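Below: the structure, in structure tokens.
The values are calculated or read from the model by the stated rules, or taken from the named source; none is laboratory data. What you see is a predicted model, and the numbers here were worked out from it, not measured in a lab. We place every Cβ from the backbone using ideal geometry, glycine too, and count neighbours over all the protein chains shown.
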Amino acid sequence: MTLNQVVQRLESLALSHKQINHFFFGDLVEWLANGDLKYPCCFVELNNAPISKADHQTKYNFSVWFLDLVNVDTATRMNEVEVMSDLMSIAEDYSAMLNYVGYQDDFTINTEYNVQPFREKFEDMTLAMKMDITVGVNYTANRCQVPATGLLFEPTPIDSPSILVQPGAIWNYTYTASGLESNSLTISSLVAADLLLVFKGDKRLSPTVSNPTTDEYTFNMITGEITFGTGFEAGQKIQFIYK
């Protein structure tokens, strides 16, 4: 899911609740400048979105505000409690909708929520409940899907000769393993080359001088031999960016 799709779902869930009359996504300043509000309403702001290659997720951290007006004509204090109770119930309903089992193939959602009341953050007669949520969506780190020009990560599905990526500068070579190799490859195109990047599958490897681990390799530029910490799987692609 993209950020746009996540926000659309947050909006559709909010507006499906019979007590929510208005939804707004954006910046707090924009929200306060929006005069056309129908209470009770829901306001969502994006705080940050860390991308984790280890977890294979982009995690969107949102603050979800539920707001309503206080009736100041009679029994203001009792009305405050009633409004806050209603807003808390809406927050509970919203978290329940987010955890609907049918959505779990699209995103993950945190299971505990910090709900905080606010009495004076907005207009004088407005009460609010703020609920922090984290929505995680899949992140595959797939370089082949990047709409980029001037750089080719997977040139062909078979063993490829050196391909010029940037005229006079950068070359790309991709090797497809049969699974029968040892943990070493000798590639004549890499003799006397300056090896810039090495990828084994989707994993970027680091150079070392001896005894490579799973995430490392050694390179002999005189012979073109590359030694890895582990062997290869059938069909696995090993990519070399060099000059």
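Descriptive notes on the structure:
- The set of residues in the stretch 196-212 that are within 29 Å of the chain's Cα centre (by Cα) and more than 19 Å from residue 177 (Cα to Cα) comprises 196, 206, 207.
- The stretch 5-32, residues that are outside any helix (DSSP H, G or I) and either touching a strand residue (DSSP E or B) at 6+ places or on another chain (Cβ under 9 Å) or within 30 Å of residue 203 (Cβ to Cβ) (or both): 17, 19, 20, 21, 22, 23, 24, 25, 26, 27
- Any hit, the stretch 197-212, residues being in the same structural domain as residue 178 (by TED's automatic domain parsing), surrounded by 17 or more Cβ atoms within 10 Å (Cβ to Cβ), modelled with pLDDT of 90 or more and not in a strand (DSSP E or B): yes
- Just one of (1) in a loop (DSSP other than H, G, I, E, B); (2) modelled with pLDDT of 85 or more fails for residue 35. It is (2).
- Applying the condition of being β-branched (Val, Ile, Thr) and closer than 15 Å to residue 90 by Cβ to the stretch 1-50 and asking which residue is surrounded by the most Cβ atoms within 10 Å (Cβ to Cβ) yields 20.
- Filter pass, residue 115 being touching a helix residue (DSSP H, G or I) at 6+ places or on another chain (Cβ under 6 Å), closer than 17 Å to residue 129 by Cα and modelled with pLDDT under 95: yes
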